[in-house]
Structures are given as structure tokens and as C-alpha cells.
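Working notes, structure below.
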Amino acid sequence: MDLGCRFPSIYVRLMGPPIPSELQEAIERQRRIRIRLSIAAYAYEFDDQSIMSDAEFDELSNEVIPNIATGHEVMDKFFKEEFEPDTGMWIRKHPELERITDLYERYYKNVTPRG
């Protein structure tokens, strides 16, 4: 594959060919959805708080595509194996629960629910 001078050959050997922008956008969208859902599920399951409406949670849950690799192997595996769009119980098995707890407490705790 000749990528011209835009991507030096050492980059292509180390990183692989560049990802098309549409795929990059889909990957980033999946990352953001998974983080938002994880925080919302945490709030509901562990703190009995709702930081988004049930309708928004359901809508975002239905947008999760577990087979899209986001570049985080542990989380990609978790979402493939444990995520269930019709419940938030999967959060109890989240491999980065401490990080989710920190994000929730830092940015969402005591936030009035929307919707």
C-alpha cells in the first residue's frame, strides 16, 4: 500500500494503515456512548440516582455495537461479553469500576436528572 508522503513507512509498519475518518468517528461515538452508559448505570445501580431518563438510557443502549473495537481491549471484551442493553446490571462486572466511580463522583453526583 503506497500512502505517499502523508504517512511515513515507519508509521505504517508500526501503526498499520490509517483508519478512514468515518470509522474513526464511529469508534469515538462508541467510546463516548459506552462511558456515558457506564456512568449512568453506576449512578442507578450503586447510588440509586438517575442522571439520564430511562428513554435516553434505552436509546443509547440500543446504539452500542459491541463488535466495534475501540482500541481498549479490556473494555471491548467486556462490552462483547457482559453488556446487556435492557438493563444496567452489567455495571457490577465492569473491569474499571473505580474509574467509573471517580467520573461519576467528579462530574455527575448530585446532578438533577434530565428528561
Quiz item: When residues of region 40-71 are filtered for being crowded, with 18+ Cβ neighbours inside 10 Å and without any contact (Cβ under 8 Å) to a residue 24 or more places away in the chain, how many remain?
Solution: 0
Quiz item: Taking Leu37 and the conditions (1) modelled with pLDDT of 95 or more; (2) farther than 18 Å from Tyr108 by Cα; (3) surrounded by 12 or more Cβ atoms within 10 Å (Cβ to Cβ), which numbered condition does it fall short on, given that it satisfies the others?
Solution: (2)
Quiz prompt | Of the criteria (1) touching a Phe, Trp or Tyr at 6+ places or on another chain (Cβ under 6 Å); (2) touching a residue at least 12 places away in the same chain (Cβ under 8 Å); (3) surrounded by fewer than 12 Cβ atoms within 10 Å (Cβ to Cβ), which one Val74 fails | solution = (1)
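The values are calculated or read from the model by the stated rules, or taken from the named source; none is laboratory data. A quick note: this is a predicted structure, and the numbers were derived from the prediction, not measured. Quick reminder, even Gly has a Cβ in these numbers, built from the backbone with ideal geometry, and neighbours come from all protein chains shown.
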